[in-house]
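Just below is one structure, and these are the notes that go with it.
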Amino acid sequence: MGAETFEDRIDRLVNIDIGGRGVEALYRAARGKLGRSLVGAAAEALLAVPEGATVLVTTGSVSRAWVSPAIGENDGPAGLAAVARALSLARRAIPVLIAENSLLSPIGQILTSAGLSIVTMEEAKRTTQPGGRLAVAVLRDYPIEDAAGLAAAAPLLDELQPALVFSTERVGRNAQGIYCNMRGVDFGHGRARVDHVFDEALRRGMPSVAVGDGGNEIGMGLVPEAVQRHVPHGERIGAVTSADVLVTAACSNWGCYGIVAAMARRLGDPALMHTPELEERLLLRGAEIGLINSVDGIIDPNVDGIALAAHKAVVELIRTIARP
């Protein structure tokens, strides 16, 4: 691999397989495909977004679909908020979030807690004009039916013309068209068919970055053999949708924080960096609005069964590694 960079060290940190999901094997496979640091490749793609451009983003997992499509998990929104904030500060980009209508409000509240104002697309375009910076995001719902989700992908990309598409902790369909959780259970009910947008973006050659921690997320189509061999139920849950850059992590939020750290270091701008204080604020806010710790099935600020204190510690370690 040659001389190890700070980005390589962040990769190794965020891929420590605390949950025993097989993520270290997914990391090795993704690293083999890209031939370099995953967070570094993602940061490079995000920083290549033209000033003021639109970036289509998605997250949100309907965690207990068989109970209610309004029950979402807390891994994903905080990570996306950190990335959206960094894109706004670094590139004055306009993040447009697409998700199911049932999760737009809670994800929007997490974005607001990270400092972004929720506005319409028309209002967002005004923020790219001279007269004062404003970090914003736009929310758009996306169809939850298979046929409608497939049909809506091309028109959405035609309308938004995003410079890049970004996904974190967003489940994609398997080879049979089923959206599975980590236990191999079909939980596609009430779930927006967002993966079709990423398939269409790939066909068009639009840059794409995806973050995942389990094998069933958008982007994991880049390393299907590793998912099948090393992830429990991998032969069933593996998502078929790929991405130009796949960032693996033991917790998807951590992958996002690693990307943001790489962006901050490359620009020499510590203001982009995620902090333990912001991490605590976002995860506590998630609990307040009802996002669940999906491993334990309870509303609390722990993510994927990992304590809040550990998440804050990982954020601080990322910051320490990335500090010049």
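Round to the nearest 0.05 the FRET efficiency obtained for Asp146 and Thr112 when R0 = 30 Å and r is the Cβ-Cβ distance.
Between Asp146 and Thr112 the formula returns 0.40.
Quick one: if you stick a label point 7 Å off each Cα along the C-beta vector at Lys125 and Arg12, how many nm between them?
Here the answer is 4.8 nm between the modelled labels.
If I model segment 1-97 as equal point scatterers sitting on the Cα atoms and use the Debye formula, what is log10 I(q)/I(0) at q = 0.12, 0.24 Å⁻¹?
Each listed q corresponds, in turn, to -0.54, -1.21.
What number in nm² do you get for segment 79-224 if you take the convex hull of its Cα atoms and divide its surface by four?
Mean projected area for segment 79-224: 8.9 nm², to one decimal.
Compute the orientation-averaged projected area for segment 184-324 from the convex hull of its Cα atoms and round it to one decimal in nm².
9.8 nm²
Taking the Cα centre as origin and putting +1 on Lys and Arg beta-carbons and -1 on Asp and Glu beta-carbons, what dipole magnitude results for the chain, to the nearest 20 debye?
Computed charge dipole of the chain: roughly 580 debye.
Counting pairs of Cα atoms in segment 109-190, how many percent are more than 19 Å apart?
Tail fraction, whole percent: 56.
Between Ser105 and Ala175, what is the FRET efficiency for a Förster distance of 35 Å, r being their Cβ-Cβ separation, to the nearest 0.05?
0.60
Based on DSSP H runs of at least 4 residues, each adding -39500 (n - 2.57), what is the mean residue ellipticity at 222 nm of the chain after dividing by all its residues, to the nearest 500 deg cm²/dmol?
-13500 deg cm²/dmol
Probe 1.4 Å, all protein chains in place: accessible area of Ser102 in Å², nearest 10?
40 Å²
How much of the accessible area of segment 165-324, in percent, comes from carbon and sulfur atoms when a 1.4 Å probe is used?
That share works out to 52 percent.
What per residue convex hull volume, in Å³, comes out for the chain when only alpha-carbon positions are used?
Hull volume over Cα atoms, normalised by residue count, gives 113 Å³.
What shape does segment 149-267 take by its C-alpha gyration tensor, where a ≥ b ≥ c are the square roots of the eigenvalues and a/c under 1.5 counts as rounded, a/b above b/c as prolate, and the rest as oblate?
oblate
The values are calculated or read from the model by the stated rules, or taken from the named source; none is laboratory data. Fair warning: this is a prediction, and the values are worked out from it, not measured in the lab. Virtual Cβ from ideal backbone geometry, glycine too; neighbours counted across all protein chains shown. Note: accessible area is taken over every heavy atom of the protein model, side chains too, but ligands, DNA and RNA are not part of it. Shrake-Rupley method; radii C 1.70, N 1.55, O 1.52, S 1.80 Å.
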